[in-house]
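Okay, structure first, notes after.
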Amino acid sequence: MASEGNSKTIAELIATLPEEERLILTLHFVNMISTSEIAAKLEVPERAVISVITSGRSRLIGLIS
């Protein structure tokens, strides 16, 4: 985990992500919207939403570690 001097909040970490990941992760994890609903709102395939969630989650884990 990050040292005390380098600790950031989850909001700060999410803010460092690319816009697409930031939007989709916020909709999914903060607003608790399903992948199918996000896909419909953004007019993209659900598989694309799932892929962005997976990569964004991995990126966040990397930032935390």
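Among residues of the stretch 7-32 that are free of Cβ contacts under 8 Å to residues at least 60 places away in the same chain, those with a beta-carbon under 9 Å from a residue that is crowded, with 16+ Cβ neighbours inside 10 Å and in a loop (DSSP other than H, G, I, E, B) at least six positions away or on a different chain give the pairs Leu25/Leu17; Leu27/Ile33. The residue list Val49, Val44 contains one member that is hydrophobic (A, V, I, L, M, F, W, C) and within 12 Å of the chain's Cα centre (by Cα), which is Val49. Of all the criteria given as (1) surrounded by 15 or more Cβ atoms within 10 Å (Cβ to Cβ); (2) in contact (Cβ under 8 Å) with a residue 40 or more places away in the chain, the one not satisfied by Ser65 is (1). Within the stretch 36-65, the set of residues being under 30 Å from Ser7 (Cα atoms) and either of a type outside the set (A, V, I, L, M) or in contact with a Pro (Cβ under 8 Å, 6 or more places away or on another chain) (or both) comprises Ser51, Thr54, Ser55, Gly56, Arg57, Ser58, Arg59, Gly62, Ser65.
Residue-level check: of (1) touching a helix residue (DSSP H, G or I) at 6+ places or on another chain (Cβ under 7 Å); (2) without any contact (Cβ under 8 Å) to a residue 40 or more places away in the chain; (3) of a type outside the set (Phe, Trp, Tyr); (4) surrounded by fewer than 17 Cβ atoms within 10 Å (Cβ to Cβ), Ile38 misses just (4).
Each value in this text was obtained by applying a stated rule to the coordinates, not by laboratory testing. Since this is a predicted model, take the numbers as computed values, not measurements. Cβ: placed from backbone, ideal geometry, glycine included. Neighbour counts: every protein chain shown.
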